[in-house]
Every structure is written in structure tokens, then in C-alpha cells.
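A.B. asks: Got a structure for you, questions after.
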Amino acid sequence: MLSPGKSVSSRLLRPALWLPFRLCPERTAVSLMQKELIKKRELEKDELRPLYMDFQATTPMDPRVLDAMLPYQVNYYGNPHSRTHAYGWESETAMETARKQVASLIGADPREIIFTSGATESNNMAIKGVARFYQAKKRHVITTQTEHKCVLDSCRILEAEGFNVTYLPVQKNGLLDLKLLEATIRPETSLVSVMTINNEIGVKQPVKEIGQICRSKGVFLHTDAAQAVGKIPISVSDWKVDLMSISGHKIYGPKGVGALYVRRRPRVRLEPLQNGGGQERGLRSGTVPTPLAVGLGAACSVAQEEMEYDHQRVSMLANRLVQKIMTEIPDVVMNGDPEQRYPGCINLSFAYVEGESLLMALKDVALSSGSACTSASLEPSYVLRAIGADEDLAHSSIRFGIGRFTTEEEVDYTAEKCIQQVHRLREMSPLWEMVQEGIDLKSIKWTQH
């Protein structure tokens, strides 16, 4: 029986305190129902929107990018591939200018830039395209266990086609062991794919050293740089990268556009995923959306001008957030290497607190417990499991994303609310109470009914 004034939805909205075990199907269904009810209730409220601290999921468009795009939404609407009149020439000129801006940011030749719909398409094109083109002689691909889901899924598609794929483990700090990589490369290896900066824990892989190993072995290197482009200095020549994926909406540009860098010398060949009019060097047929390409170019141009300032400011704000939280809350773990990382991506595990409960408690701050692409799943993050995080700590992780438009006031507010809610949730947690009494939780044999 429900007490008077209580409903099923009010009971569902009560957050779970802790989840020491893998979620059973019934609990998963209730938790998903719980999330849907909260989402509906929050969207119906006529209140101020939460603070935005999820810059790894997406970034707000920079007003300067919007200014560059607007003329091509309204006045200059020609097809950039129409070669017989001024409308097409205007759009083509804008498209090629954008191509130069993207190339300049990563130290490439403009002819090496292929416009795509985003980093997911770029990753699919690079991995499947190279593997399939060279499959007559080479049928082995190497990647890591902490890649973005679209890279892992592309590799699984290749496995279904008969390719051999090696998923390399990473070390406890999230970094790839270079000796292990070198030992894994075989004569039939065509491609190595390693992301530059991890989207969940912010770890920065030693791509330059990986590039040297791959070049010495005659293997192509692809890197998913969606989280790195515009945030850290990149030189595809110095890094010896052969293919690089870029996303527009991760660098304050529009959604729905990205790019793939494909090296010309030494030349990289790939089989196109889609066929048609032969645009983009025949690698990506379809009309290039001029406004989106212009937006991506403008975002790259702004990032190139402001990268150093943005990085210093983001580093300062990140240090401020981490110091405030770790000074006030015991038993907090930062996931990933403390040095080799992008400072704007902070992944913290709060022991004895369930991550989903903390997210609900911090509903006036937009945060996430992992990748936006897999946040519908209540399973612990596969990235955290790959670095050896205990399942309870993996369940208690929160990702804080800091970006160009984050203010000191927002960081301070987020830290204060986080400290307040972690203390509150721990007071309600039986696990925290047991720890305070000196009980070693690892010595307990849990049973499930």
C-alpha cells in the first residue's frame, strides 16, 4: 500500500543509494523508468536551465561561427559542385576556404581534408575503408579497448567480414603500452587506430611515439582526434599520422559536420563507404553542406587563434574544481593519468556513492557519468573497466567537462553542490556507515537473493 499523497512515480523518483552488484533486468527497467520520469518532470518545469558542465558531449556554438555561417544559409545557397554559374562558384570558394582553415589547424595540405557528417562517419570511413582496400595482402587491424564505441563497432564489423582485430589493453593510468603495441604489429597488419584524447577520462595517448612505431613498420595510423583538435597543438606531419577524424560540434562548431584527414604522401588508399557523384576525391560522394563546412572552418580558425589562451584558462578552472572537491571530500579517485591528460575532462569516482544518484541530486548542473553515446546504459563504463577500476567505483564516477565559456562562478557552484550532495548521500549509505566503523568491505562475502 502507498501512503496517502504518494504515487508510484514519487516512489520511483527516490534515488538508489548504492549498487554493489551488477544491475538485474528488473532493476534496470525501474531505473530507466525513473530516468524517464525525471526527464519529463524537469522539461515541464518553467525554471532556469542547469549550468552546462558537459563539454565532452558537445559544445555550444561560438557566436563567431554562427556569424560566418548565416550568409550561406540565406543568400549564398548555391550547390558548391555547380560549375556553370556564380551561385556555385560562391559556395565552392567558401567550401575551399573552410578546407584550408581545417587543414591549417592540424598542419595538413587542404587537399588532404575530406568533409564528412562528423567523427563517427570519419572513423567508419578510415577503419573500414583502409582495411577493405588492403585486404588482399593485409587482414589485421589493431586498436585499444578504450576507443569510442564507433571505432570498436567498426572493428567488430570487420571481424564479421573475416579480419583479425586485436583490442589492446591499456595500463592502469589509461595509457597504451608502446612495447606491447610494437610486439603486436605483424606483417599482415594494415592499420592501427588509437584515439588522441579519451572522451571519458581525458587521457592523452602518446600519438607521436605511436606514429613513429607505425611508420617504421609500414603500418598506417588512424587517430580519433575529436576531443583533441582545437584544444592541443597538432601536427599530422610531426606525429606521422595517416588518418585523423575531426568533429565540428566538439570545437564550438555546428553539429552534423566533421572531417577526415587522409595523407597524400605517403599515399593512403581507402575504399569509400558511399558512392555517387564522386565528390571529395571520390571518397565521400554527396553534396557538401556549405553552411556546415563554413561553420567547421570558422570554428577551426577561432580555435587556432585562441588555443593557448583557452588551454591556460581551462587548466586553471579544472585545477580549481579538483582542489575544491578533493580538499573537502575523502575517498575521491581521479580516473586516468594525472599528467598525460587534457585538463578540461575530469572523471572522478566518489566511493560509496552511486553515480546515477549523484547525477539526480545535481540536477541543476548538466553532467554525465560517461560517454553521451552510451549514457542510456546503466552498465559501468567499459573505459573505466578497461583501466581496472573496481565495479563499485566505476558505478560512482562523474565526468566534469570544462570549456571555453565556463566561468569561475559555475565551477565554484558545481564544486559546492557536489561536496554538499556527496556528504548527504554518504550519510544515507550503509556502505559508508560500515567503512566508518572500520569494516573492510572487500572482506565481506555478499549474497544476492
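The values are calculated or read from the model by the stated rules, or taken from the named source; none is laboratory data. If you're wondering where the values come from, they're calculated on a predicted model, not measured in any experiment. Ideal geometry is used to build each Cβ from the backbone, glycine not excepted, and the neighbour counts take in all protein chains shown. Heads up: the accessible areas ignore ligands, DNA and RNA and are worked out on the full protein's heavy atoms, side chains in. Shrake-Rupley method; radii C 1.70, N 1.55, O 1.52, S 1.80 Å.
A.B. asks: Gly355 fails exactly one of the following numbered conditions: (1) in contact with a strand residue (DSSP E or B) (Cβ under 6 Å, 6 or more places away or on another chain); (2) open to solvent by 10 Å² or more (accessible area, probe 1.4 Å); (3) closer than 18 Å to Gly401 by Cβ. What is the number of that condition?
C.D. replies: Just one mismatch for Gly355, condition (2).
A.B. asks: Of the numbered conditions (1) out of contact with any Ser or Thr (no Cβ under 7 Å at 6 or more places or on another chain); (2) open to solvent by less than 50 Å² (accessible area, probe 1.4 Å), Met95 satisfies every one except a single condition; which is it?
C.D. replies: (1)
A.B. asks: Is it the case, given these coordinates, that Arg404 is at pLDDT below 95 and out of contact with any Leu (no Cβ under 8 Å at 6 or more places or on another chain)?
C.D. replies: For Arg404, the condition - at pLDDT below 95 and out of contact with any Leu (no Cβ under 8 Å at 6 or more places or on another chain) - is not met.
A.B. asks: Would you check which residues across region 341-350 are assigned to a strand (DSSP E or B), open to solvent by less than 20 Å² (accessible area, probe 1.4 Å) and either out of contact with any strand residue (DSSP E or B) (no Cβ under 6 Å at 6 or more places or on another chain) or touching a residue at least 60 places away in the same chain (Cβ under 8 Å) (or both) and list them?
C.D. replies: Hits for region 341-350 are Cys345, Ile346, Asn347, Phe350.
A.B. asks: Could you tell me whether region 351-359 includes any residue that is at pLDDT below 95, at positive phi, assigned to a loop (DSSP other than H, G, I, E, B) and hydroxyl-bearing (Ser, Thr, Tyr)?
C.D. replies: Scanning region 351-359, I find at least one residue that is at pLDDT below 95, at positive phi, assigned to a loop (DSSP other than H, G, I, E, B) and hydroxyl-bearing (Ser, Thr, Tyr), so the answer is yes.
A.B. asks: Is there any pair with a first residue in region 274-294 that is of a type in the set (Ser, Thr, Tyr) and a second that is assigned to a helix (DSSP H, G or I) whose Cβ atoms are under 6 Å apart and which are 6 or more apart or on different chains, and what are they?
C.D. replies: Thr290/Tyr72; Thr290/Ser91; Thr290/Ala94; Thr290/Met95
A.B. asks: Looking only at region 305-330, count how many residues are open to solvent by 10 Å² or more (accessible area, probe 1.4 Å) and either in contact (Cβ under 8 Å) with a residue 24 or more places away in the chain or basic (Lys, Arg) (or both).
C.D. replies: Count: 11.
A.B. asks: In this structure, does Ala68 turn out to be modelled with pLDDT of 95 or more, out of contact with any His (no Cβ under 7 Å at 6 or more places or on another chain) and either among the polar types (S, T, N, Q) or surrounded by 16 or more Cβ atoms within 10 Å (Cβ to Cβ) (or both)?
C.D. replies: yes
A.B. asks: Further question on the same structure: What residue, among those in region 425-444 that are exposed (fewer than 13 other Cβ atoms within 10 Å of the Cβ) and in a helix (DSSP H, G or I), is modelled with the highest pLDDT?
C.D. replies: Within region 425-444, the match that is modelled with the highest pLDDT is Glu427.
A.B. asks: Considering only residues of region 262-273 that are touching a residue at least 40 places away in the same chain (Cβ under 8 Å) and either more than 25 Å from the chain's Cα centre (by Cα) or under 17 Å from Lys128 (Cβ atoms) (or both), which is most open to solvent (accessible area, probe 1.4 Å)?
C.D. replies: Arg269
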